[in-house]
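Bear in mind that the values in this text are calculations on the coordinates, not laboratory data. These numbers were taken from a predicted model, which means no experiment stands behind them. Glycine gets a Cβ as well: all are built from the backbone with ideal geometry, and neighbour counts include every protein chain shown.
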Amino acid sequence: MPTPKSLFERFIGASPYAAFDHLATMVALVHTDGACLFVNSAFETVLGLSRRSMLRGSLFEWFVEPEVVRDTVAAVARNDFSISRFEGQLRRPASPGGANGTDALPVHVIVTQTDQADLALVELVEIEQQTRKDREERALDQAQATKELIRNLAHEIKNPLGGIRGAAQLLQMEVESKALTEYTQVIIHEADRLQALVDRLLAPHRKPHVVSDVNIHEVCERVRSLILAEFPRGLKVVRDYDTSIPEFRGDREQLIQAVLNIARNAAEALRERMSNGDACLRLKTRIARQVTLGKQRYRLALELHIEDNGPGVPEAIRDRIFYPLVSGRDGGSGLGLTLAQTFVQQHHGTIECESEPGNTAFKILIPLP
């Protein structure tokens, strides 16, 4: 039976600081001159840089106001304080539209003493982290409530709908007037349309979960080919793949449908840009580390972005786009994103959206083995 010491060594690994890699917050061990002795995997993920490249630089250069961080680290190292907290902004490599070539992330900075006078422990907590966690929990609760509502409502509709259709068919056989027959045909047609809608609402809960090894890039390529076949002119679909992402267990067809629903919505929103020839849809895959999904911690997760340069999601429905029957375009059923969310959640993942005019990004997170 393993001893407590051997279990601890197995947990932290070879490095004495490896335990920090299991934290969701960003942690760095720094000299008073800013040189990094260690940064954890959460820091790598947020900055999008490798640990090796970060250790070659100064921690201070990654802050919008480096002087504040430098002075605080020096004060803690001098024993002026045992711990100091303040709000700061962390620089990250630029994202599209980022100001001055950087993308600033608001963080809560905690600087703590160590047992070595020239070293300090710096911990960074994303200010938006708790807000995002609360939002994910609300989304899960809302999705569960919506699922129960849909199932109950659909079953309540199906029974009288069948009776209405049957009565209309019997009536059609009895009437002799052609005008009245047209009315009964309208009833039958509308009953069939409602039946199809109910079946679509119930489909994700009826269909069995077919699990196999899934390569996310095969899923993306299938979606890309379908979108280009449907929108052959004026649309550019850009691949931005991390080919190191491993396969995982999942339902390939469900994931294709989820990504296709999002991509098709994006393509529909890009119709005006297609006529100008500058419509762009981007499929981007990345690895996320130390991710919490549904109150459970995962070491690795797939991060799939579906981005477009369309007009954006209307602000009036931005907080409700995953609700059933909510659509931002005329003629939309309002079920595509609801089904996408259901399929992703069946893979223990989450889906969220950030949108502004000219840039809409859906992000899917799914745990990896």
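Computed quantities for the displayed model
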item	result
Gain upon complete extension [D118, F86; 0.36 nm per residue less C-alpha separation]	9.5 nm
Between the stretch 155-190 and the stretch 48-62, the alpha-carbon center distance in angstrom	70
Neighbour-count ranking [beta-carbon atoms within 10 angstrom, fewest first] of M54, M173	M173, M54
Packing-based exposure ordering (other Cβ within 10 Å, fewest first) of L325, L365, L47, L171	L325, L171, L47, L365
